[in-house]
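Here the structure is laid out as structure tokens; the discussion comes afterwards.
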Amino acid sequence: MFFWCIFQRVRKVLFLLHVLYFCFQARRLICDQLACVLGFRPVPQPANTDESSGENHIKNRHHSDGDLDQTTAKNDRSNSDVLTGILGLLETRISIDDEDRLKADRDAKMRRDWMTAAAVIDRVAFILLIVAFTVGTLVFVVLLM
């Protein structure tokens, strides 16, 4: 009985882990698809650092200066591309934030306008209620006399 309870709890925990993993994978898939739809370039995954990359780096140090200049130029171009991509993302983020701020301002102005209209309607309804109550009371008093 005790082991059965433990087994059931382990199953529940494993199920929750599977659900969390599925949610993470679905989020990643949706974000990738959304980035593709919005025209963002996918973020490059970091390369695995292993011993072979270290060996390549050591081999590259032994090349001639011309090869080193070409490698440096390639790295500068790739760094420039990455920085251009980051700049594009930052500009997009700023424009989205500006649009959100403008939308929030418009919504707040609309909400204030509707609150003013509701206050006016409330006052008019209150005045009409007072008038109806007063007229009804006067009619009742006149009929009783």
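What to note about this one:
- For region 14-53, a residue qualifies if it is at pLDDT 65 or above and loosely packed, with under 10 Cβ neighbours inside 10 Å, and the qualifying residues are Val37, Leu38.
- Residue within region 68-85 that is at pLDDT below 85 and exposed (fewer than 10 other Cβ atoms within 10 Å of the Cβ) present: no
The values are calculated or read from the model by the stated rules, or taken from the named source; none is laboratory data. Nothing here was measured: the structure is a model prediction, and the numbers come from that model. Neighbour counts run over all protein chains shown; Cβ positions are idealised from the backbone, glycine included.
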